[in-house]
Every structure is written in structure tokens, then in C-alpha cells.
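Enquirer: One structure, as C-alpha cells, below. Some questions next.
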Amino acid sequence: MDPGYFVDTASAEIQQNVYEPLLQFVGSGPNTTVVPWLAQNYTVSSDGMTYTFNLRQGITFQDGSAFNATAVVFSINRVVLMDSTSSSDYLLDGPHAPGLINGSSYYSHAVGSGASTYNQSQVNAYINSHGVEIGANPYQVIFHLGFPFPSFPYIIADVFIVSPSTVISHWTPPTDGHGYITGITTGEEDQYMKTHASGTGPFNLNSWDQTTNDIVLSSNSKYWGTPNNSGPAKIPEVDINYVSSDSARVLDLKSGAADISDIPTNDYFAFIDKSAWVANHSVVVTTPGVSAPGPYATLDLEFLTMNYVIHNQDGSVASFQPFQNKNFRVAMSDAVNVSDIVRNVINGFGIQANEAVPPGEHAYNSSIPVDYNFNLTDAQGNLTLAAKSLGLNASSPKTIVLAYQIGDAAGQAISTELANNINNMQLGITINVSPQPVSTFIGALVAGQLAFGVLSFVPDYPDSPDYLSIVALPGNLASFVSYNNTVVVSELDQALGETNQTLRAQLLQQVQILINQDVAYVWFYYPSVFGETGQMFRTWVHGFQFLTQSNGIFFYQLSKS
């Protein structure tokens, strides 16, 4: 639950209803933007290096303490100093030294050049860099960037503000030699905040049963009401029940046992007419009492990662490294009929991808080519060339594992088709398909142990650089799969600091072309969903509005009759 240490799709839905950022994402599709939220307004210096935020006054945290500049500085420093690869830390540290928040890259061990010891001298050096500090009054915060970065407003909208009072009152100084400032131990998870929360948002985290994963949120009666002064939430309590069975969630929504239910793509037709959708993409609800808002185009991406340097479970480098061979990568890429997957597996709820950046983003270009296409003859030809180079032998085949996350129906179909097509060629390589729990999959990916796998990416912020930074820059996915093209990195760094949007888009498109020429990844599709992330509703639930940059439902907008 702690946004300073861990952000994923499941926890983010809770976090965005309990915590709030300085700037908030609003709107959908290409109209997505950020507006002042906990901040009243902000200004940017002419060189793009200094952002000054003036904060709203009179807002309190759920623990009763005041929201002010001290809380903002504490929250930003907390994310940086905890230095978790699972949080927004890599966004604040930025792609290179001295860090987006000045000094953060020199401190960070996770994504920067800092030492893993996390000693006090490192902490002091970061704090003395004055990357974030209180301004001229208790309600002004000043950010000093290490380099110009036009996407900074999007970055800061991804960082939630926590109550220093709650954190500090449950914190004890470390005894393991790690440096610290009051309330924050460097490089370590906060065990109390892992299961508790105190923000300024419309809901309190009332309870979390860690055995069942059921969560209860209760309305924050003292909520300030958003910039629209709308008062507390209309729904007094939200009960979020974890139901692993897809069929059970379908039945719960049909019976009315659930007001809202997460419905996987392959069960959409339990509620809408399939023939009408297939014929003209018309949504005709067939279940009385159910509403199906959408489908909405997301900014998400489903794609295949291929690991250039596979590691064993003990951390050593594996002896067999097939993905360093481009012919091998192309063979894998040519062995999947993506258009068929889009048409018959996800039933047209998405469009085929040709790059990391999705439609609606300013750098998207549908004409950017990919260096692969479904063609088993070409796949076999490339695999034959790779087999000679890699020393593969049909009589004694090498084995690699292709993983997908349990519950990802498209990932299962893709993995099964790719493995069957390659295995049937009998050219000295055997692919074993492995469905894995999300935690296992992500753990292996981060550790460099995942040979290749089907990955769903949800952007941290709705701007083209986020996608390309993830797949190309050190400290992100590119590091997990050891993809390192120095030309790509150099050109992407140039694009990230470019303030002219037309030139920036051109630079980013050139970066994408280079990545595609490497066949570093295989782009599958950009999904569309009902609800926010795949939900359908009973008709007595009102007020839902799709927000492109949301990891779950913003319950504050809802009411129930």
C-alpha cells in the first residue's frame, strides 16, 4: 500500500483513492492532461530547470495533521531515499545524472550511480543538493531539476503525498548502518506503511485482510472536496473483495451480489451481444441490470520481451544466450500471427501494435515499420541461420522457457502458438511455456532470469517518452533484459530534453525506428477495455467517467441508487 515503495495495478487503485498528488491527471485519450490538485498553481523558469508550486491551504491528512510544503518535501525525499525499483523512484531520478530531482541519480543505487551501502554521507549529499525544498512560505515548494524535462508535470502527477506525522510516529532509526533522515530509512521498506495509509484523499483505508486480500475503504468525512469543492464522497464505504475465479465474478455481477466486477476480455460476451460486436463493433448489452461503459482505448501495450543476457537463479550468467543472435529474435517474432490474436483471442478489443508508443500520443506514427511479420517460412529460415551460429543440434535440443502471467488469456494464446510453431521446426530449440503468478513473473523479469515473456505495460504517465524510456534506457525494463543500444540511448536523451514538441516527436520516432530495427521487442497490441481497467457495472451505480491515466476506478466520482 505504500506509494513510496511499491506501485502496481492492484495497489494503485487503493492508493489513488487514499492519497493525492500535486497535479492530477484528468480526461481521456489524447485529451488527457494534468491540472493543479493539491497545488493551487505552479510556474516554470525560463530554462526549464526550476518549478515552483504554490499549495492549497486548509487541507488535512486523514490523521488530522496539516498538508503543507513540509509534507511535500518529505514525500518526495521519501521516494528518492527509499530507492525502490517498484515505485516512482526511477521517474524522479530520471534517465541520467545528476537526476531529474537534482542529486537523486548520484544517490540512487537502484537506477543511478549511488553505492548500495546507503550510508549517511550519501544521504547528506543528496539533501544538500536541494533538489526539492520549502520556498518562501510554508505553502510553497521549489523543485530544482538536474536538467530540463518538459514532461516533469506528468512525473509529479505520479507521486502521492503522504502524512509525515503518521510515518514518523511509527518509525524507528535503523541499526544496520543505513543512513536516514527522521522518518525515512534509506534503501528499505517501511513495514508500517506497507499495510497502513494516511493521505489527503476522499477515502480512508479502513481495513485490509491480508489472508483474503479483501479491502474496505471508508469515506473521509473531512475531505476537502477536490478543486470543484464537491465535498466528501457520495458512497460511504467501498468493499473490495478479491475473487480469483473469472466465472465467479461474472455470476456475482449478474446476480447483483457485486455492484462492480472485473471482467476479463474473454468473458465480455457474457454481457454483450457477440454478433453485434463482430459485425460492426456495436455494444448491445444482453444482461438486464448491467451497464457496460466502453470499450475505451487505453494507453497500455502488450508485447514480448527477449532477454539478451539470461541469468540463472543463483545470479550467475547462463551459458546459453540465444537472444543475442538477431536471426533468433526475428525467428521468434515471425512465429506469431498477431492479427489473428487480435481478431480471435481478444475479439477485436484492441488494435495491432507497431511500436511502443500507442495511438493518441504525440510521437505515435502508424507508418513506423517493424522488421518482422507472421511468416513461418521466414521464421524457419532465420532459425536455421541462428541454429548454425548458436551450435544448436536437433538431436540434443536446447530448452528455454517462455512465460506469461496467469490470467492473461492473450499471453497464453501467444505463448502457446509461438512455442508450437518453433518446436515443430525441430531445429535444436525447445520452448516450454510457463504460466506464472504475477509476483513470480515480475521477480524473474527484474532479476534477469526471464528468458522471454509476454508483458502488459501500463504507462506511468501519458507521454511518449515514458514508453521509450522503459524499453530503452538503463534502470528500467531495458536493464532487466540487457538491451543496450548506445545510439538509441543518446538520441533518446536528446529527445527527452527537447522543448519543441514537433522536433521532439521526430526524435522519438527515430528512436522507435532504431529499436524496431534491432527487433529488441515484439509489439502485439494496444488493448481497449470496458470500465476503467475491465469493469462492468450494475445499472444502479452512477457517475463513472473513464480516465485514461488511471490504474483503477476513482470511487469518488460514483454514487449508488
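Every read-out reported here was derived from the displayed coordinates using simple, explicitly stated rules and does not represent laboratory data. If you're wondering where the values come from, they're calculated on a predicted model, not measured in any experiment. Don't worry about glycine lacking a Cβ; one is built from the backbone with ideal geometry, like all the others, and counts go over all protein chains shown.
Enquirer: Which net charge results when you count Lys and Arg as +1 and Asp and Glu as -1 among the other residues whose beta-carbon is under 10 Å from that of residue 455?
Expert: Values: positive: none; negative: 302, 408.
Surrounding charge for residue 455 is -2.
Enquirer: Also: Rounded, prolate or oblate, given the Cα gyration tensor of the range 47-99, with a/c below 1.5 counting as rounded?
Expert: On the way: a/c = 3.46, a/b = 1.49, b/c = 2.31.
Here the range 47-99 falls in the oblate category.
Enquirer: Kindly provide the helix-only [θ] at 222 nm of the chain, computed as the sum of -39,500 (n - 2.57) over DSSP H runs of four or more divided by all residues, to the nearest 500 deg cm²/dmol? Working shown, then result.
Expert: On the way: 17 runs with 159 residues, N = 561.
That comes out to -8000 deg cm²/dmol.
Enquirer: Taking the Kirkwood radius as the inverse of the mean 1/r across Cα pairs, report the Rg/Rh of the chain. Don't skip to the answer; put the middle values down first.
Expert: On the way: Rg = 23.9 Å, Rh = 24.8 Å.
With Rg and the Kirkwood Rh in hand, the quotient comes to 0.96.
Enquirer: For the range 34-51, just list the computed ³J(HN,Hα) in residue order, Karplus coefficients 6.51, -1.76 and 1.60, θ = phi - 60°, integers in Hz, with x standing in for Gly and Pro.
Expert: Working through the residues one at a time gives 10, 10, x, 10, 5, 7, 7, 6, 8, 10, 10, 5, 4, 8, x, 9, 10, 10 Hz.
Enquirer: How large is ³J(HN,Hα) for each residue in the range 405-416, as worked out from phi by the Karplus curve 6.51 cos²θ - 1.76 cosθ + 1.60 (θ = phi - 60°), to whole Hz, x for Gly and Pro?
Expert: 8, 3, x, 8, 5, 5, x, 5, 5, 4, 4, 5
Enquirer: Which whole-angstrom value gives the distance between the alpha carbon centres of the range 158-214 and the range 95-121?
Expert: Distance between centres, Cα-based: 22 Å.
Enquirer: Which net charge results for the neighbourhood of residue 357, defined as the other residues with beta-carbon distances under 11 angstrom from its beta-carbon, given Lys and Arg at +1 and Asp and Glu at -1? Kindly include the intermediate steps, with their values, before the conclusion.
Expert: Numbers: positive: none; negative: 355, 361, 463, 466.
Once all neighbours under 11 Å are counted, the net charge is -4.
Enquirer: Just the ratio, please: alpha-carbon radius of gyration of the range 301-528 over 2.2 N^0.38 Å, N its number of residues.
Expert: On the way: Rg = 17.0 Å, N = 228, 2.2 N^0.38 = 17.3 Å.
Ratio of Rg to 2.2 N^0.38 Å for the range 301-528: 0.98.
Enquirer: Taking only the alpha carbons of the range 141-279, what extent do you get along each of the three principal axes, in Å, biggest first?
Expert: 61, 41, 35
Enquirer: Would you kindly calculate the mean projected area, averaged across all directions, of the convex hull enclosing the Cα atoms of the range 220-263, in square nanometres?
Expert: It is 4.2 nm².
Enquirer: Quick query: amide H of residue 291 versus all other amide H atoms, modeled in the peptide plane; which residues come in under 5 Å with a sequence gap of 5 or more or a different chain?
Expert: For residue 291, the qualifying residues are 537, 538, 539.
Enquirer: Over 18 Å, how big is the tail of the calculated P(r) for the range 439-561, in percent of all Cα pairs? Write out the running numbers ahead of the final one.
Expert: On the way: 4730 of 7503 pairs.
That tail contains 63 percent of the Cα-Cα pairs.
Enquirer: Cα gyration tensor of the range 505-561, axes a ≥ b ≥ c as square roots of the eigenvalues: rounded (a/c below 1.5), prolate (a/b > b/c) or oblate?
Expert: Numbers: a/c = 5.36, a/b = 2.99, b/c = 1.79.
Here the range 505-561 falls in the prolate category.
Enquirer: So what's the net charge close to residue 476: Lys and Arg +1, Asp and Glu -1, counting the other residues with Cβ under 13 Å from its Cβ?
Expert: Working: positive: none; negative: 89, 93, 460, 466.
The answer is -4.
Enquirer: Using the Karplus curve 6.51 cos²θ - 1.76 cosθ + 1.60 with θ = phi - 60°, work out ³J(HN,Hα) for each residue of the range 508-518 in order, rounded to whole Hz, and write x for Gly and Pro.
Expert: My calculation for the range 508-518 gives 5, 5, 5, 4, 5, 4, 5, 4, 5, 5, 6 Hz in order.
Enquirer: Between residue 206 and residues 5 or more places away or on another chain, which pairs have amide H atoms under 5 Å apart, with H built 1.01 Å from N, and which residues are they?
Expert: Excluding prolines and chain starts, which carry no amide H, the hits are 216, 217, 218.
Enquirer: Counting other beta carbons within 10 Å of each Cβ, put 78, 343, 249, 56 in order, fewest first. Don't jump to the answer; show the numbers that get you there.
Expert: Values: 78 26, 343 13, 249 22, 56 18.
Fewest-to-most ranking of 78, 343, 249, 56: 343, 56, 249, 78.
Enquirer: When 401, 446 are ordered from fewest to most other Cβ atoms inside 10 Å of their Cβ, what list results?
Expert: Details: 401 19, 446 14.
Sorted ascending by nearby Cβ count, the order is 446, 401.
Enquirer: Over the Cα atoms of the range 9-185, what is the Rg over Rh ratio if Rh follows Kirkwood? Working shown, then result.
Expert: Numbers: Rg = 15.8 Å, Rh = 16.6 Å.
Looking at the range 9-185, the ratio lands at 0.95.
Enquirer: Taking only pairs that are 8 or more places apart or on different chains, how many Lys pairs in the chain have Cα atoms under 22 angstrom apart? Write out the running numbers ahead of the final one.
Expert: Values: 222/234; 222/560; 234/560; 254/274; 254/560; 326/388; 326/398; 388/398.
Taking the chain as the scope, the lysine pair count is 8.
Enquirer: What does the convex hull of the Cα atoms come to per residue for the range 377-471, in Å³?
Expert: Numbers: hull volume 13.0 nm³, N = 95.
Each residue corresponds to 136 Å³ of Cα convex hull volume.
Enquirer: Going by C-beta contacts inside 10 Å, put 169, 456 in order with the fewest on the left. Walk me through the numbers before you get to the answer.
Expert: Details: 169 13, 456 17.
Least crowded to most crowded, the residues run 169, 456.
Enquirer: Okay, moving on. List the residues whose amide H sits under 5 Å from the amide H of residue 363, counting only those 5 or more places along or on another chain, with H placed 1.01 Å from N in the peptide plane.
Expert: Close amide H contacts, sequence-distant or interchain: 464.
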